[in-house]
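So the structure is just underneath, and the comments pick up after that.
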Amino acid sequence: MKLYVVSTTTVIKAFTLILLSLALISCSQSPSRPTVPTSLPYSSPYGHLPSSGSNNPVRNRIVQSSYQALGVPYRYGGNTFSGFDCSGLTRHTYKSAGINIPRTAAQQRDASKTIRSYSDLLPGDMIFFKTGRTTNHVGIFVGNGEFIHASTGQRKVIKAKLDTPYWRRAFVKFGTYIR
């Protein structure tokens, strides 16, 4: 067996070089946003695919845009990836699909086409809530009983379940701008 003698200086230089390389590699990578598959398998809580709209590219773009915003900080009046409020998020996601909608949750509620029942709700449609004295909150339905919204409580864009007691109590209407 042959033994190699290595000086302490050589070991320190090698260790420093490895640490420097690792630091440079980690600095060159940008933080990643959640990714969404280009084809989304939508399903409802009833276990079947929606009868229409599931392959609609406008709906897919809206849902993908809302998923890309997950984790973005909440900012009152915000409508960019530096920060969103609820209606800024919905306006941004619809704009990404080429649809211009009003700015506030109340304006969006009033101008949207009402969807009469949950069974008619499709991914990309909007859900309006009254969490205070007026309709003041909105999110994007993404399927499976879930929606994405800018949460004031968690201070970021999150995905939530529609069937919780809080959201059931606050529910106002389903709406859409998608033809």
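More than 13 Å apart: what percent of Cα pairs in region 114-179 qualify?
62 percent
Pick out, in residue order, every one of the chymotrypsin sites (Phe, Trp or Tyr not before Pro) in region 61-143 that is DSSP loop and has at most 15 other C-beta atoms within 10 Å; say none if there are none.
TYR76, PHE81
What spacing in nm lies between the two simple spin-label points modelled at SER82 and ASN100, each 7 Å away from Cα in the Cβ direction?
In this crude spin-label approximation the distance works out to 2.3 nm.
If you put +1 on each Lys and Arg Cβ and -1 on each Asp and Glu Cβ, how big is the dipole of region 57-176 around its Cα centre, in Debye rounded to 20? Working shown, then result.
Working: 18 positive and 6 negative charges, 43 e Å.
The calculation lands at about 200 debye.
If all Cα-Cα distances of region 57-176 are sorted into 5 Å bins from 0 onward, what percent lands in each bin, rounded to whole numbers?
P(r) for region 57-176, in whole percents per bin: 2, 13, 24, 29, 22, 8, 1, 0.
Could you work out the relative contact order of region 65-175? I mean the mean sequence separation of Cα pairs under 8 Å and 6+ apart, divided by the number of residues, in percent.
Over region 65-175, the number comes to 28 percent.
Estimate the FRET efficiency between TYR118 and ARG75 by the formula 1/(1 + (r/R0)^6), using the beta-carbon distance for r and 22 Å for R0, to the nearest 0.05.
The pair TYR118/ARG75 has a calculated efficiency of 0.10.
Each label point is 7 Å from the Cα along the Cα-to-Cβ direction; what then is the distance between the points at ASN55 and THR152, in nm?
For ASN55 paired with THR152, the spin-label model returns 4.2 nm.
Each value in this text was obtained by applying a stated rule to the coordinates, not by laboratory testing. Just so you know, these numbers come straight off a predicted model, no measurement behind them. Cβ: placed from backbone, ideal geometry, glycine included. Neighbour counts: every protein chain shown.
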